[in-house]
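Data first, discussion second: the structure below is written as structure tokens.
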Amino acid sequence: MTGRTATQTSVNNPNTRWNNPAPVYADAEVRKLHSKTMLIDADTNSDPTVIIGSTNWSNNGNNVNDENMLIIHDAAITNQFVQEFNARYVLAGGTIQ
């Protein structure tokens with residue numbers, strides 16, 4: 001998200017910076033949480049969805065590791081995740097426009 005790729009180079013990974021890196025802020029949270037969250041169409045009427053779980057979105061995560069994932073198609077629940085993301089984002093230094 002910061003615009004960096006992995007350190008190794010290959011045909012499929014030239015180790016170049018993205019043109020438009022996302023703003024990334026360090027969280028002040030001291031506890032550990034091995035969870036990933038994706039919010040899809042959260043502010044629309046087009047099937048707001050949240051995907052959450054420990055799954056690494058990689059070949060190993062999908063085919064090798066013992067992972068968990070929930071895909072929730074619900075506007076109210078997706079909104080709760082949006083509110084939590086916004087709270088953590090602002091606490092880490094980001095601004096909501």
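FYI, it's all coordinate maths here, none of it is from the lab. A quick note: this is a predicted structure, and the numbers were derived from the prediction, not measured. Here the Cβ is made from the backbone with ideal geometry for all residues, glycine too, and neighbour counts use every protein chain on show.
Residues with amide H under 5 Å of Ala42's amide H, sequence separation 5 or more or different chain, H placed in the peptide plane at 1.01 Å from N; which?
Here the answer is Thr49, since their amide H atoms fall under 5 Å of that of Ala42.
Can you work out ³J(HN,Hα) from phi for every residue in region 54-63, in order, using Karplus 6.51 cos²θ - 1.76 cosθ + 1.60 and θ = phi - 60°, giving whole Hz and x for Gly and Pro?
Listing the rounded values in order: 8, 4, 6, 7, 8, 4, 4, x, 7, 10 Hz.
How would you order 79-92, 57-70 from highest to lowest mean count of nearby Cβ atoms within 10 Å?
79-92, 57-70
When Lys and Arg each count +1 and Asp and Glu each count -1, what net charge do the other residues less than 15 Å away from Gly93, Cβ to Cβ, add up to?
Residues near Gly93 contribute -1 overall.
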